[in-house]
Amino acid sequence: MKQLVETIAKALVDHPEEVRVNEIVSEKAIVFELSVAPSDMGKIIGKQGRVAKSLRTVVSAAALQEQKRVTIEIV
């Protein structure tokens, strides 16, 4: 799933070399910390958070197979 978040984020931004995904795993949840260049922050969040919400939805659907909660934090 980390690769999925990274691939989608790199496709959305102007500076894909600055995309970083940090994975924090606990027993019941996985947290992905996504960081991008400051100039690309708006592209990842989108208008009214629509892009971020869509990214979270796609990753949550992929997480159903592992029966874990997945959260994406944009930092």
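Rounded to two decimals, what is the ratio between the C-alpha radius of gyration of the chain and 2.2 N^0.38 Å?
1.05
List the GluC sites (Glu not before Pro) within the chain that DSSP assigns to loop and that have no more than 13 neighbouring Cβ atoms inside 10 Å.
27
Relative contact order for the chain using alpha-carbon pairs under 8 Å, separation at least 6, rounded to a whole percent? Don't skip to the end; give the middle numbers.
Details: 100 pairs, mean separation 24.7, N = 75.
About 33 percent, as a whole number.
Angle check, please: helix 2-12 long axis (alpha carbons) against the longest principal axis of the chain (alpha carbons), in degrees 0 to 90, nearest 10.
Helix 2-12 sits roughly 20 degrees off the main axis of the chain.
How large, in percent, is the carbon and sulfur part of the accessible surface of the stretch 1-69 at a probe radius of 1.4 Å?
53 percent
Could you state the per residue volume, in Å³, of the convex hull enclosing the Cα atoms of the stretch 35-75?
Details: hull volume 2.6 nm³, N = 41.
Residue-normalised Cα hull volume stands at 63 Å³.
Longest exposed-loop-site-free stretch of the chain, with trypsin sites (Lys or Arg not before Pro), DSSP loop and at most 16 other Cβ within 10 Å?
29-67
Would you please give the residues with an amide H less than 5 Å from that of residue 74, counting only those at least 5 places away or on a separate chain, with H modeled from the backbone geometry?
Residues meeting the criterion, in which the H sits 1.01 Å from N, are 34.
The values are calculated or read from the model by the stated rules, or taken from the named source; none is laboratory data. Worth saying up front: this structure is predicted, and the values here are computed from it rather than measured. Reconstructed Cβ throughout: ideal geometry from the backbone, glycine too, with neighbour counts over all protein chains shown. Remember, those area values only see protein heavy atoms, side chains included, never the ligands or the DNA or RNA. Shrake-Rupley method; radii C 1.70, N 1.55, O 1.52, S 1.80 Å.
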